[in-house]
Amino acid sequence: MKIIAVIPARYQSTRLANKPLIQINNKPLVQLTYEAVVGTNLFDSIYITTDAKKIQTISADFGARCILTSTKNRNGTERCVELIKKTNGSISDNDIVVNIQCDEPFIKKKHIKKLINLFKEDIIGTLITPLKKSEIKDTSIVKTIINKDLQAIDFARTNTNWKGKQKLFKHIGVYAYTKKTLLKLKELTVTKRELTESLEQLRWLEHNYNIKCAVINESLISINTKNDLKKVLKNN
């Protein structure tokens, strides 16, 4: 079994223009995330996948393998699927594909190890961390609730309408799945709530897929908005 990292880097980000190429410490964001992934020493192969020739060229400059994919892909998972099809069978059905969004430059080895350790069964895995009170109303932060078995019950950006006293978690934009599962996800019908919240994982839940969560202690900053970028630049 091989472990493959894929970093989807969409050029036309809706919330933060040209996000993968934003400069932080004199490096583009996509390079910082790539270097963080390389630094884990956990992967047999690492790919960047993008819809922009410009990102492909810049990725080659810092030594990454970057595959150009369609501008019609609606999310990172679909970009991962297209990459798999372009690798001509080099990724096997039971190999684990870890989808690390390019806005996660602070991902560390210990986080990825927790995610990979979930794979004692054929599931979808993801990362969560306890949600801060200051983050509850921030729609750029995805909230989730889980059951006692650490399975995700629901995700939301906006007003959750969750009742009771469930503990809220912040979702981290990293997924893991076998190639076999990943290809099945591409065939699922889009759901209304997925479109409302702009969260592809809601489609998986609504089609009865199990999303198992690994809890990390660190509240990683995902760079989705100008405010997120300001926080990072302030601390660097």
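Counting other Cβ atoms within 10 Å of each Cβ, which GluC sites (Glu not before Pro) in region 32-121 have at most 12 and sit in a DSSP loop?
Details: sites: Glu35, Glu78, Glu82, Glu121; in loops: Glu121.
Passing sites in region 32-121 are Glu121.
Applying a threshold of 23 Å to the alpha-carbon distances of Lys108/Lys137; Lys85/Lys108; Lys19/Lys108 flags Lys108/Lys137; Lys85/Lys108 as lying beyond it.
A full extension of the chain between Asn88 and Ile136 corresponds to an added length of 12.9 nm, given 0.36 nm per residue minus the alpha carbon distance. Using modelled backbone amide H atoms (1.01 Å from N, in-plane), which distant-in-sequence or interchain residues come within less than 5 Å of Ile172's amide H? Those qualifying (amide H under 5 Å, at least 5 residues apart or on another chain) are Leu127, Ile128, Thr129.
With a ≥ b ≥ c taken as the square roots of the eigenvalues of the C-alpha gyration tensor of region 1-120, please select rounded if a/c is under 1.5 and otherwise prolate if a/b is larger than b/c or oblate if it is not? Don't skip to the end; give the middle numbers.
Working: a/c = 1.72, a/b = 1.25, b/c = 1.38.
In terms of gyration-tensor shape, oblate.
Separation of the alpha carbons by more than 29 angstrom is noted, of Lys179/Lys230; Lys53/Lys192; Lys114/Lys143; Lys114/Lys231, for Lys179/Lys230; Lys53/Lys192. Taking 0.36 nm per residue of separation and subtracting the current Cα-Cα distance, fully stretching the chain between Leu183 and Met1 would add 63.8 nm. Listed by chain and number, the aspartates and glutamates whose C-alpha is less than 18 Å from the C-alpha of Lys86, apart from same-chain residues fewer than 8 away, are Asp44, Asp51, Glu78, Asp95, Glu187. Here the chain is treated with +1 on each Lys and Arg Cβ and -1 on each Asp and Glu Cβ, and its dipole about the Cα centre works out to around 600 debye.
Cα centroid separation, region 25-60 to region 172-231: 20 Å.
Where both bridge residues fall in the chain, DSSP classifies roughly 50% of the beta bridges as antiparallel.
Since every read-out is calculated from the coordinates, none of them should be taken as a lab result. Everything numeric here is computed off the predicted structure, so don't read it as measured data. In this analysis, Cβ positions are derived from the backbone assuming ideal geometry, glycine residues included, and neighbour counts consider all displayed protein chains.
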